Amino acid sequence: MAVIVALGAFLMTLAGGWTAQRVTDRRHLVLGLAGGLMLGVVGLDLLPEALEAAGTEVFGVPAALLLFVAGFLLAHLVERLLAHRQASHGAAEHNGRSPEVGLTAAAAMVGHSAMDGVAIGAAFQVGGGMGTAVALAVIAHDFADGFNTYTITSLYGNARRRALAMLFADAAAPVVGAASTAFVHIPEPLLGAYLGFFAGALLYLAAAEILPEAHHEHPARSTVLCTIAGAAFIWLVVGLAE
């Protein structure tokens, strides 16, 4: 049942990526919406779950928040190191951005989607009602995941075929994650640590890359509205899932 339900997440992820492709003539709006979706996922979904799951504190600070900061800093460091390596080898960049950063970020999105599938499988082990609630939440926000995966990969100058490959990987990840729960159990503290770390990396991409790019070419009010709408959509999804 968990795998069958995860197929809904597969289709919703593809729908999000398809939407991102079709509105390329409104790129600033796409990026504004993507930034809002990412901000909403971090602040309203990932961090609350990470704080609840991780639980422990390190020197007075929740471990999930420490890993959140670590994820943010590591994303910044990886981007700078990759950009420096490309420049030193004379490789071309896309508007000063290294394509490998986009692939790395998309790979993190794929990992997150796999964990979504694990969450579906684990919830169905608890009970059918719990599994259905978690599945609806995952399916709803996987549209945003597909949208963001394609957008991030493309933003960093990767070819369309690479963006599509990462999109399909992101779509398949929940199915694989749900199937894996028949064999593997992930401890809740470890899951919380991962979510905190991933949230930090995602926030860096939204705040330092996606939103500045959205406002660089078209500093329009409509772009801001799209960002607000993206965050509000995640709020709605989280609220309906409770």
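Quick notes
- Compactness ratio for region 157-234: Cα radius of gyration over 2.2 N^0.38 Å (N = residue count) comes to 1.48.
- Calculated from backbone phi, Karplus (6.51, -1.76, 1.60) coupling profile of region 147-156 in Hz, x at Gly/Pro: 4, 6, 4, 5, 5, 5, 4, 6, 4, 8
No value in this document is a laboratory result; all are computed from the given coordinates. Owing to the predicted nature of the structure, the values given are computational and were not obtained by experimental measurement.
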